[in-house]
Amino acid sequence: MIKKILFLVFAISLVSCKKENVEDVQSDLTSKNGLVIVKLIDDGENYIKKVEEYHFTFSENRTVTAVKNNITTFGTYRVYKDDNKIELEMQFDENSDLEELNEDWTFFSKENGMLSFDEEDDFLVFKMK
């Protein structure tokens, strides 16, 4: 009986540990209700105050719009695999509030409607709306 229970627990854990792929992350980013940033740390500095009021919409054509107070900022993005890791690369104007996003972010996890990325000591977390 113990062996059956252990096998069942092991089987459930394998099913629940679904590994994300590029298409999954792309699909999550392009969710129809958009995303907001709930955490942004770059070079040890907290930049959430600069970006927390933006609403991000990622399109399937690799463009991203960020709207704050009815003002739209346009950028580009791509999701790809590098060294067996899923990467998110974004590009916004260097003189915008969003310039801290201009780097390659490594996908870390998807949990409770949150998409987490990191890059060494930098952290980016989007919340799905």
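A single member of L124, L98 is under 20 Å from S27 (Cα atoms) and either basic (K, R) or surrounded by 12 or more Cβ atoms within 10 Å (Cβ to Cβ) (or both), and it is L124.
Selection over the range 62-73 of residues that are closer than 23 Å to D24 by Cα and free of Cβ contacts under 8 Å to residues at least 12 places away in the same chain gives a count of 1.
Residues of the range 74-87 being out of contact with any Ser or Thr (no Cβ under 9 Å at 6 or more places or on another chain), touching a residue at least 12 places away in the same chain (Cβ under 8 Å) and charged (D, E, K, R), which ones? Scanning the range 74-87 gives R78, K81.
Cβ-Cβ distances below 8 Å connect the following pairs, each with a first residue in the range 104-129 that is more than 18 Å from G34 (Cβ to Cβ), a second residue that is among the aromatic types (F, W, Y), and a separation of six or more residues or different chains: T106/F117; F107/F117; F108/F117; D118/W105; D118/F108; E119/W105; D122/W105; F123/F117. Looking only at the range 41-61, which residues are surrounded by fewer than 11 Cβ atoms within 10 Å (Cβ to Cβ), touching a residue at least 24 places away in the same chain (Cβ under 8 Å) and under 21 Å from N95 (Cβ atoms)? D43, the sole residue that qualifies.
Scanning the range 60-115 for residues that are within 19 Å of D43 (Cα to Cα), among the hydroxyl-bearing types (S, T, Y) and in a strand (DSSP E or B) yields a total of 1. Of all residue pairs spaced 6 or more apart or on separate chains, those with beta-carbon atoms under 9 Å, a first member in the range 19-40 that is over 15 Å from E111 (Cα atoms) and a second member that is of a type in the set (S, T, Y) and surrounded by fewer than 15 Cβ atoms within 10 Å (Cβ to Cβ) are V22/Y80; T30/S59.
Each value in this text was obtained by applying a stated rule to the coordinates, not by laboratory testing. Just so we're clear, the structure is a prediction, and the values are computed from it rather than from any experiment. Methodologically, a virtual Cβ is constructed for each residue, glycine included, from the backbone with ideal geometry; neighbour enumeration extends over all protein chains shown.
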